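What follows is a short report on a single structure.
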């Protein structure tokens, strides 16, 4: 993602951290586009919406974001072939 969109991982992390508040903390980015965060008292869809807004504004095009819980990711990894 970084090369095709001409953004560094450092800049991407800075953009993502711009949505942090008392209920959301961006921890880091894994590989090219997996944003790790901690949340409380907000829904995953809210986190996705906030990330979509800041990234879409930066890239000047629609960016879609999907958030998943750790529990969901663990379930998904059990079924990979």
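Read-outs: derived from the displayed coordinates by stated rules, not from any lab. It should be emphasised that the depicted structure is a prediction, and the values quoted were computed from it without experimental measurement. Here the Cβ is made from the backbone with ideal geometry for all residues, glycine too, and neighbour counts use every protein chain on show.
Cα gyration tensor of region 19-58, axes a ≥ b ≥ c as square roots of the eigenvalues: rounded (a/c below 1.5), prolate (a/b > b/c) or oblate?
Numbers: a/c = 1.86, a/b = 1.17, b/c = 1.58.
Taking the square roots of the gyration eigenvalues as a ≥ b ≥ c, region 19-58 is oblate.
For 6, 68, the sequence from fewest to most other C-beta atoms within 10 Å is 6, 68.
Using C-alpha pairs under 8 Å with a sequence gap of at least 6, the mean separation divided by the residue count of the chain gives a relative contact order of 21 percent.
Order these peptides, 45-51, 31-37, by their mean beta-carbon neighbour count within 10 angstrom, highest first.
Working: 45-51: 16.7, 31-37: 13.1.
Taking the mean over residues of other Cβ atoms within 10 Å, the ranking is 45-51, 31-37.
In terms of the Cα gyration tensor, with a ≥ b ≥ c the square roots of its eigenvalues, is the chain rounded because a/c is under 1.5, prolate because a/b exceeds b/c, or oblate? Oblate, since a/c reaches 1.5 and b/c is not below a/b.
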